1. Which order do peptides 42-48, 159-165 fall in by mean Cβ count within 10 Å, highest first?
2. Which whole-Hz couplings ³J(HN,Hα) result when phi for each residue of the stretch 39-56 is put into the Karplus expression 6.51 cos²θ - 1.76 cosθ + 1.60, θ = phi - 60°, listed in order with x for Gly and Pro?
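What follows draws every value from the coordinates through simple rules; no lab data is involved. Because the structure is predicted, anything quoted here is derived from the model rather than measured. Using ideal geometry, Cβ is built from the backbone for each residue, glycine included, and neighbour counts are taken over all protein chains shown.
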Amino acid sequence: MKRGARGWVRAALAAISVIEGDTVVMQRPLRIMLVEDDDAQARIVALALETAQENCELRRVSDGDAAIDAMRGVLGAGGAQLPDLVLLDLKMPRRNGFEVLDEVKTDPLLRTIPIVVLSTSRAEKDRVGAYERHANSYLTKPADFDEFVHLLHDMAVYWAKWNEPPMDDR
């Protein structure tokens with residue numbers, strides 16, 4: 001990378017973050033909505049994010065209906081903000097992950113919210129179905145906790161520091 005390009009990148013990052021030396025520090029936590037019906041899995045995700053020491057604000061809802069209601073409720077609430085990222089399980093009661101993807105990705109006010117499917121399923125039909133419905137990523141939960149911490153750390157770093165979302169009021 002040319003020296004001039006490096007300066008431009010630092011200037012762009014400075015506009016949205018605090019730069020301390022060569023380290024980029026987010027000004028605010030990455031707001032994550034976890035859509036997970038299983039209490040044990042939700043606790044594991046929360047613990048893994050905490051262990052990864054990422055600057056995240058985690059809000060959990062337990063099913064697809066609650067996720068849609070929460071996002072639409074934010075749109076009507078003054079001062080509330082949409083999540084920066086949704087971690088979505090596929091197999092849930094009431095409204096499953098595919099139905100949540102269908103609803104969010106066809107709503108003009110919600111469709112730019114990145115949705116990462118976080119599932120235990122390695123089935124090709126689930127991956128294809130998620131991407132056909134415009135999931136932004138599909139991650140399979142590893143069985144090993146240390147690997148899960150590493151996965152969530154890398155995911156949080158990507159979405160918090162490297163991804164460049166559209167500028168809006170989120």
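1. Sorting 42-48, 159-165 by mean packing, highest first, produces 42-48, 159-165.
2. The phi angles translate into 4, 5, 5, 5, 5, 5, 4, 4, 5, 5, 5, 5, 5, 6, 6, 8, 7, 10 Hz.
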